[in-house]
Structure formats: structure tokens, C-alpha cells
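*Asks:* My questions will all concern the structure given below.
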Amino acid sequence: MNEPPEVREEDERLAKEREKLARDGPQLKGAKLEARLERTWHRPPGILGWLATVDHKEIGRRYIVTALLFLAAGGFLALLMRLQLARPDSNLISAQRYNELFTMHGSTMMFLFAVPVMEGVAVYIIPLMLGTRSTAFPRLNAFSYYMYLFGGLLLWGAFALNIAPDIGWFAYTPLSGPQFSPGKRADIWAQMITFTEISALAAAVVLVCTILKTRAPGMTLARMPLFAWAMLVVAVMIIFSMPAVALASSMLISDRLVGTQFYNSWEHGDALLWQHLFWFFGHPEVYIIFLPATGFVSVIVETFCRRPVFAYPVVVLALVSTGILAFGLWVHHMFATGLPRVGYSFYTAASMTVAIPTALQIFCWLATMWDGRPRLQVPMLYVIGFIITFVIGGLTGVIIASVPLDLQLHDTYFIVAHFHYVLIGGAVFPLLGILTYWYPKITGRMMSDTLGKIGFWTIFLGFQLTFFPMHLSGLLGMPRRVYTYPAGLGLELPNLLSTIGAFVVASSVVLFVINGLVSLYRGAIAPANPWGATSLEWATSSPPPVYNFAHVPVVESRTPLWDIAGELPVVTGLRVDEKEILLTTVVAATPDLREPVPAASLWPFITSIAVAIFFIASIFSPWAVVFGAIPSAIAIIAWFWPKEMKREPEPVIT
Amino acid sequence: MIPAPRFTDSVADLPTHKFGPSSLTWWGIIGFMVIEGAAFGLAFAAYFFLMGHEQGWPPEGRQAPDVLAGTLFTILILLSEIPNTMIKKAAEKRDVPAIRMLMPLLVAIGAVLLVIRGFEFNSLNCRWTDDAYSSIIWALLLLHTTHILTDWVDTIVLWLLMRTNLGWDGRRLVDTDENCLYWRYVWLLWLPIYLMIYWVPRL
């Protein structure tokens with residue numbers, strides 16, 4: 001009604017052109033459709049095209065490979081620490097270097113391995129599982145990967161230059177403050193946090209929007225695969241918890257660089273403010289690592305028992321309630337700081353309560369196995385290893401939720417044993433299982449079953465050998481984060497066993513890597529659905545084409561591939577010559593909109609470079625905040641500004 | 001091995017833009033609002049945590065900030081909702097000429113707000129290095145300044161884009177609509193900060 005005549009004319013011309021656009025359907029299908037989609041979705045070649053890609057599969061693969069490299073690096077540091085602790089009064093590693101090693105180990109494992117690897121797997125698999133061709137905001141997704149990479153390079157670059165942080169992975173003030181940590185080590189830790197939090201938050205927004213808006217038609221929330229549910233809960237948890245550590249570390253760095261007094265008790269600040277903010281993030285973080293793994297377990301159990309997961313609504317409610325309860329537990333990390341009595345009681349109760357939904361999930365998986373026909377292939381073995389190990393870790397968790405015991409065991413190896421049981425047993429075992437499971441989808445080849453089984457038994461037994469004795473050394477009073485221990489206290493044997501176990505674990509990781517690399521070239525060619533699984537990622541070839549699905553699938557049940565009779569229902573009508581996906585409604589997943597997918601672009605990479613320079617320079621001068629923000633802002637504007645200024649018959653993102 | 005397709009409905013006639021929760025970017029913006037809201041919420045928690053340690057607020061020997069600049073800022077940012085709502089409605093009606101006319105006004109208001117903000121920093125009666133109280137009120141004001149600055153730059157860029165021929169595209173109208181939504185969030189978040197910086201120390 002407000003349009004001037006020339007705009008109205010153009011509107012009409014564009015409407016006519018719209019009629020002629022090519023779309024998939026009965027008239028355009030099969031090889032002809034696939035060739036055209038390939039041309040449309042294919043990214044530019046060469047190194048620039050590689051940097052500009054917005055394909056979730058490429059970004060997901062990079063995330064996974066990078067995170068596994070950091071796992072190896074962090075694991076190598078663990079071996080060094082175990083060598084030092086193999087004998088009492090050892091002088092292999094100095095106290096200062098030991099401080100750096102455990103700080104690097106913890107920071108790497110938490111920020112550079114555990115969270116990113118889960119996000120990487122999700123970024124790769126979730127769009128396939130939901131039956132769509134791209135994540136939401138694929139450029140943001142690319143940006144998130146580069147921020148993560150630069151954060152990791154900052155930390156490890158500092159380690160190589162001998163300025164690694166030495167303040168523990170949770171960087172307690174006042175130790176990390178300006179008075180007790182002069183130099184740049186603590187600043188590097190704090191900025192590494194900024195990088196990885198921005199990355200995790202960006203990926204979380206990508207995942208939430210992908211899961212809520214891009215599901216295949218008919219995939220209502222009640223039919224969504226449990227891994228998607230787990231990642232939805234995790235992404236929301238990231239959104240609520242990671243700002244806490246970003247805020248805390250910004251306040252730390254400003255205490256250190258521009259003289260604010262947040263944590264300085266001489267000027268009415270409070271070191272405990274750090275602990276509250278840090279653990280408000282840090283406790284949910286544990287579940288951010290663990291819940292994706294429960295999603296993996298649900299996927300594996302379902303496939304290898306040939307039965308839908310028992311009591312799906314209970315599993316979903318357990319995921320959601322774990323996500324909520326995780327925000328009410330942070331104070332149990334602070335029992336030793338002195339709290340009001342009512343605080344002790346409340347957080348003990350809350351910490352014990354969170355065991356309930358977790359136990360419900362475990363009972364649901366056991367019931368699925370009981371009622372199904374379990375096939376003991378490698379991914380399923382990892383699930384069984386997970387259940388045994390995680391339950392032990394969970395039980396020690398209930399033990400230390402009790403304040404008197406916690407005060408006794410705080411900062412001993414008992415705690416080290418507990419959280420490695422929970423994190424390696426609870427997250428790394430399912431991860432290794434799911435990597436074996438999705439390996440054929442990602443690479444098009446199967447991993448060796450024999451090597452996989454040997455690998456499983458070595459890591460499972462090696463793990464118990466490493467970490468079970470730590471319960472004993474902890475009970476005997478051995479403190480964590482101390483570079484050596486005296487002879488004659490009964491600590492020699494458990495420590496020697498732990499060291500031997502650590503090398504067994506390391507050898508099984510090497511075996512996993514060898515299996516992964518050799519299978520890349522020698523593995524049996526994988527069909528589209530080698531495990532006979534039910535979710536949609538198996539409805540396309542292995543590896544999937546760049547456009548994922550030739551037609552968007554329609555979902556009519558919770559286990560789609562088990563319920564279709566040979567033919568997969570699909571909708572038609574998406575564009576073929578431009579990248580386009582289908583958006584559906586949030587709850588019922590009815591078709592809602594067609595959405596253009598951004599073209600490949602170098603701008604997310606350039607923006608991440610500008611932001612990286614900004615963050616790293618700000619360690620050295622507060623003025624970098626002002627000068628660094630300008631190129632970053634310019635890069636972001638260039639990222640969003642349309643590269644072609646003419647109106648198209650249908651929207652495209654250039 | 002890949003199951004053959006069975007064709008059902010066509011989605012070719014679906015629209016390519018809608019306002020509100022159907023839009024993908026709407027969800028993205030809500031996501032970033034929640035992230036910022038969480039950061040602000042925790043900063044508020046830090047403020048009250050530090051306040052709980054003190055005998056008086058502001059601590060003894062400090063003077064509460066002067067209210068004039070902050071109050072002017074609050075009045076102006078509340079008034080900015082008038083053109084903001086007009087722009088939002090114009091976007092929903094595809095009234096591009098109205099958007100092109102009103103957006104410079106919003107940009108100008110943003111510029112004036114940033115100038116007043118400079119005076120606000122000057123009326124806090126403390127430096128961020130003085131004590132924890134000073135640090136946290138500087139932090140709150142700085143966080144909100146970042147918020148307002150980013151949305152101001154965003155509004156300028158969007159205004160320039162709406163001046164081009166692309167302004168008639170439906171998706172650009174959705175962008176405009178969502179930018180207005182975000183501006184509402186910027187001023188809504190300011191209200192508790194205003195109370196915490198200027199009035200809680202006067203209680």
C-alpha cells in the first residue's frame with residue numbers, strides 16, 4: 001500500500017520470476033537433482049574456500065579433530081604428572097612446572113576438549129538427525145570454531161613460550177589476583193576463557209535454533225531423538241551458565257590490569273565472589289559434559305538392543321530436571337570455605353537429589369537392554385563400561401555431598417578419583433563409543449571391530465587401574481596439586497599402580513587413533529545404515545552428500561527408519577539452484593517457512609582474527625579494548641552486509 | 001540402501017519471511033538476549049553480594065552518585081520507545097518510507113544518550129580503583145554502555161541498508177522489527193541498573 005509505482009512493478013516482476021525457479025519434486029529427482037544440488041551446495045575450492053566453508057559437516061569434523069588433538073595434548077601432560085608421582089620424593093619435575101602441568105591439563109580437558117568435542121559431534125550430526133541440510137546460522141557456527149581454535153592456540157602457545165598459567169583450572173583468587181600472580185600467566189588463562197566461552201555460547205545458540213526450528217516435518221518434540229533432547233538441554237545450560245565464568249574472568253582480568261577491587265579483600269572485595277561465580281558456571285559445566293554423553297548412550301542402547309529406549313518421556317524429563325538441578329549445586333564445591341549451616345543442609349540435599357534423575361536414566365537403559373536383544377559390538381561395550389564406571393563415580397559423589405566427609409576428603413586424591421570416574425567414565429567412554437558408531441557415517445568406512453574390542457578392554461581396565469587406587473591414596477590423606485609426597489606413608493603402591501594404569505590408558509588411546517587412521521583407508525566400505533539404526537542420519541549415504549538429503553524427509557513416528565515400509569516420505573518444493581532449508585514450528589514441527597542458507601564467506605574467519613588480536617592485545621594494554629573493537633566491528637558489519645545489492649525473486653544470503 | 005522417496009506435500013508455496021517466533025533470527029536474538037541477561041543478572045548478584053558485606057551503601061566515606069545525568073538518560077531512553085514502536089509497526093506494514101524517516105531519529109537519540117552517558121561516568125563520585133563498591137557500579141555502567149553502543153552501531157548499519165533498494169525485501173523488514181525488539185531490551189535492562197547505581201545507595 002505504501003509502495004511507490006517502481007517498487008510495485010519490481011515486486012510484480014519478481015513474483016513472475018519466482019514462478020520459474022527450479023524446485024525438487026517428482027519432476028526433478030534422482031541423479032539429475034543430486035547433480036544440481038551438489039553444484040549449489042558445493043563450497044569454493046582451495047584454501048580460501050576451506051576457510052570460508054559454512055558446511056556443518058566440515059566444521060563439525062574440524063571441531064572433533066581439534067578437540068581430540070587437545071585431548072591427546074592434555075593426556076600427555078597427565079602422563080608427565082604420573083611419571084613425577086610414580087615414586088616418592090621425585091625430582092623429575094619441579095614444583096613450578098608441576099603447577100603449570102595440572103593447570104594446563106585441567107584447562108585443556110575442560111575448555112578445549114570436553115565441551116568442544118560434544119559441540120563438534122552435535123554440530124556434525126544434529127542437522128542429519130533432524131533431517132535438514134544445514135545448521136541455523138552456519139556462519140556463526142564457523143566463527144565459533146575459529147574462536148575455539150584461537151583460544152586453544154593462545155593457551156598452548158603460552159605453554160610453549162614458558163608463560164603457561166599455573167593457578168589451577170579454576171584459578172582461585174587471591175592466588176590468581178595481581179598480588180600473588182604477577183606476570184601474564186593468569187591473564188592468558190582468563191583470556192583463553194573469553195575465547196572458549198564466546199565459542200561455546202555461539203555454538204549453543206546455533207544448536208538451540210537448529211533443534212527448535214529446523215526439524216523435519218512431523219518430528220514433534222515428542223518424537224525428537226534423545227540425543228537432540230540432550231543437546232537442547234545442554235545448549236540452554238551453556239546459555240545460562242557460561243556468562244558466569246565470562247563475567248568472573250573479565251572481573252579478574254580487570255582487577256589485574258586496570259586495578260578494580262572485586263576480589264581484593266583489603267578494598268572490601270571478596271575472594272569468595274570468584275568462587276561463587278566460577279562454580280555457578282563450573283557445576284553446570286559438569287553436566288554440560290555429561291548430558292551429551294547420556295544422549296550418546298540412548299542412541300547406542302536403542303540401536304544395539306533393537307528396541308526404542310524404554311520410557312522415553314522419563315528420559316526426557318530426567319534430562320530436563322538434571323539441567324535445572326545442576327544450577328542448584330554449585331555451593332557443594334565450597335563446603336570447605338565456611339558457610340551458614342542452612343547452606344550446608346540445602347546444598348547437600350540438592351547434591352543428593354541430582355542423583356535421582358541420573359539414576360532414572362540408567363534404569364531406563366537397563367530396562368531397554370533387559371527387554372531388547374543386546375548385540376555386544378564395540379559401541380555397546382563402551383556403554384556397559386560407562387554404566388559400571390559412572391555408577392561408581394556417582395556413588396562417591398553421593399558420599400562427598402555429605403559435608404563432614406567432604407571436609408575430610410576435600411582437595412585429596414579421593415576427589416580426583418571421583419571426578420575422573422564421572423568425567424572419563426561418564427563422558428569419554430560414551431564418546432569413544434559414539435565415535436565408533438558414527439565413524440562410518442562421517443568417513444564412509446567401518447572401524448576395525450577387533451582393534452575396537454582390544455581398545456575397549458585396555459582403556460576400561462587401564463582406567464580402573466589408574467583411578468581406583470586414587471580413592472585409597474585420597475583416604476590416606478594425599479593432597480591433590482602437590483608435586484610430590486614423602487616416602488613411608490603408604491602412598492607408594494597406589495601411586496605406582498596409578499602411573500602404570502595411566503600408561504595403559506594412553507596405549508589404548510593410541511590404539512583408538514591407529515584404528516581410526518587405518519580404517520580411513522582400509523576399513524570396510526560402510527552402507528548408508530550399517531548398524532540398522534532408526535534415526536534420520538542413516539537415511540542418507542555414508543558419508544552424506546554436501547546437501548545432506550536430496551528431499552527433506554517427513555517423520556511419522558519416534559523411530560522413523562524402523563517404521564517406514566521401504567519408502568521414506570518426503571516433502572518437495574525447496575529450491576535447487578540456491579541453498580535453502582525448511583523451517584518448522586517449534587513444538588509440532590509443521591512446515592512454517594523456507595529459509596535461505598548463507599553462502600560460504602571468509603568474513604567469520606576474518607572477524608575471528610580481528611577479535612583474537614583484540615583479546616590477546618588486551619592482555620598487554622587496556623587500550624586494546626578500544627582500538628581492537630573497531631576492526632572487529634568493521635569485520636562483523638562486512639559479514640552481514642549484502643554483497644549483491646539487487647533484489648532477488650527469493651531471498652539469498654550473499 | 002538409501003530408502004526411495006515417497007512424495008507427500010510441497011512446501012514451495014511457504015513464505016520466506018514472517019515476523020515473531022516463526023523467524024529463525026528471532027530465536028537467535030532471544031538466545032543472545034538470554035546470554036546478556038544472564039551476564040547482567042550475575043553482575044547484579046555480585047553487586048548485592050558485595051553490598052551484603054558493607055555496613056553502609058555506599059561504604060562509609062563515599063558519596064552516592066549524582067542523579068541528574070542518569071535521570072536525564074532514563075527519561076530520554078524511555079521516550080525513545082515512541083519512535084521505536086513507530087518503526088516496529090511501520091516494518092510490519094512494509095511502510096519503508098516511514099522507516100527511512102524515523103530511523104535517523106533513533107540514531108540521533110542514541111548519539112545523545114551516549115553523550116549523556118559520558119556525563120554519567122563523571123557523576124559517579126568515585127573511580128573504579130577506589131574499592132569494590134566503586135568497581136561494581138563502574139562495571140554495571142560500562143556493561144550497559146557496551147550494550148547501548150552495539151545496538152547503536154547496529155541501528156546505523158540497518159538504517160543505511162534500509163535506504164537502499166533492498167529495504168523493500170521482506171527479510172529486511174523482519175530485521176528492522178527485531179532490531180526494535182532488541183532496543184526494548186536495552187532500555188528495559190537499564191531500569192534496574194539505574195535503580196542500583198543511583199537509588200539503592202540512597203535508601
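No value in this document is a laboratory result; all are computed from the given coordinates. Please read these numbers as outputs of a predicted model, since none were measured by experiment. All Cβ positions, glycine included, derive from the backbone under ideal geometry; neighbour counts span all protein chains shown.
*Asks:* Once you keep just the Cα pairs under 8 angstrom separated by 6 or more residues, what percentage relative contact order results for region A:278-524?
*Replies:* 22 percent.
*Asks:* So how do A:346-352, A:385-391 stack up, highest first, on mean other-Cβ count within 10 Å?
*Replies:* For the peptides A:346-352, A:385-391, the packing ranking is A:385-391, A:346-352.
*Asks:* Please state, as a whole number in µm²/s, the translational diffusion coefficient that the Stokes-Einstein equation yields for region A:278-524 at 25 °C and 0.890 mPa s, with Rh defined as the Kirkwood radius across alpha carbon pairs. Don't skip to the end; give the middle numbers.
*Replies:* Details: Rh = 19.3 Å.
Answer, rounded: 127 µm²/s.
*Asks:* Other chains near B:14-21: what is the mean number of their Cβ atoms within 10 Å of each residue's Cβ?
*Replies:* Working: counts 10, 3, 11, 5, 3, 0, 0, 5.
Across B:14-21, the average partner-chain Cβ count within 10 Å equals 5.
*Asks:* Something else: So, counting K/R as plus one and D/E as minus one, what does the shell of residues with Cβ under 14 Å around A:Trp50 add up to?
*Replies:* Result for the local shell: +2.
*Asks:* Using the structure shown, list the pairs from A:Lys213/B:Lys89; A:Lys29/A:Lys453; A:Lys29/B:Lys89; A:Lys184/A:Lys643; A:Lys16/A:Lys213; A:Lys16/A:Lys441 with a Cα-Cα distance above 32 Å, or answer none.
*Replies:* A:Lys29/A:Lys453; A:Lys29/B:Lys89; A:Lys184/A:Lys643; A:Lys16/A:Lys441
*Asks:* Follow-up. Taking K and R as +1 and D and E as -1, what net charge do the other residues with C-beta under 14 Å from the C-beta of A:Leu496 add up to?
*Replies:* Spelling it out: positives minus negatives among the neighbours equals 0.
*Asks:* Let me ask you something else. Sort out for me the Cα centre separation of region A:281-321 from region A:572-621, rounded to whole Å.
*Replies:* The two parts, judged by their Cα centres, are 28 Å apart.
*Asks:* Next question, about the same structure. Just how far, in whole angstrom, is region A:72-125 from region A:195-243 if you go by their alpha carbon centroids?
*Replies:* 28
*Asks:* Further, regarding this structure: Given a cut-off of under 8 Å on Cα pairs at least six residues apart, what relative contact order in percent is computed for region A:511-567?
*Replies:* Averaging sequence separation for qualifying contacts and normalising by length gives 32 percent for region A:511-567.
*Asks:* Provide the net charge surrounding B:Leu161, with neighbours chosen by a C-beta distance below 9 Å and charges set as Lys +1, Arg +1, Asp -1, Glu -1.
*Replies:* +1
*Asks:* From a point 7 Å beyond the Cα of A:Arg306 in the direction of its Cβ, which residues of region A:541-562 have a backbone N at a distance under 16 Å?
*Replies:* Within reach of a label on A:Arg306, which here means backbone N under 16 Å from a point 7 Å along Cα→Cβ, region A:541-562 contributes A:561-562.
*Asks:* Go ahead and estimate [θ] at 222 nm for the protein assembly as shown from helices alone: -39,500 (n - 2.57) per DSSP H run with n ≥ 4, summed, over the residue count, rounded to 500.
*Replies:* Taking each H run of at least 4 residues, the total per residue is -21500 deg cm²/dmol.
*Asks:* Please give the average number of partner chain Cβ atoms lying within 10 Å of the Cβ of each residue in B:184-194, rounded to a whole number.
*Replies:* Counting Cβ atoms of other protein chains within 10 Å of each residue's Cβ and averaging gives 0.
*Asks:* Then there is this: Which order, highest average first, do B:18-29, B:47-58, A:109-120 follow once you tally other Cβ atoms within 10 Å for each residue and take the mean per peptide? Write out the running numbers ahead of the final one.
*Replies:* Numbers: B:18-29: 17.8, B:47-58: 15.8, A:109-120: 26.1.
Averaged packing, sorted descending, gives the order A:109-120, B:18-29, B:47-58.
*Asks:* Would you give the gap between the C-alpha center of region B:59-127 and the C-alpha center of region B:134-187, rounded to a whole Å?
*Replies:* Here the two parts' Cα centres lie 12 Å apart.
*Asks:* Continuing with the same structure: So what is the relative contact order of chain B, in percent, for Cα pairs below 8 Å that sit 6 or more residues apart?
*Replies:* It rounds to 32 percent for chain B.
*Asks:* From the P(r) of chain A, could you give the percentage of C-alpha pairs in the tail past 50 Å?
*Replies:* Percentage above 50 Å: 13.
*Asks:* When a/c reaches 1.5 or more, the comparison of a/b and b/c decides; with that in mind, is region A:357-424 rounded, prolate or oblate per its Cα gyration tensor?
*Replies:* oblate
*Asks:* Does region A:188-243 come out rounded, prolate or oblate, given a ≥ b ≥ c as the square roots of the eigenvalues of its C-alpha gyration tensor, rounded meaning a/c under 1.5 and, failing that, prolate meaning a/b above b/c?
*Replies:* Values: a/c = 3.98, a/b = 2.88, b/c = 1.38.
Taking the square roots of the gyration eigenvalues as a ≥ b ≥ c, region A:188-243 is prolate.
*Asks:* Continuing with the same structure: I'd like to compare A:619-625, A:431-437, A:595-601: which one has the highest average count of other Cβ atoms within 10 Å, and what's the full order after that?
*Replies:* A:431-437, A:595-601, A:619-625
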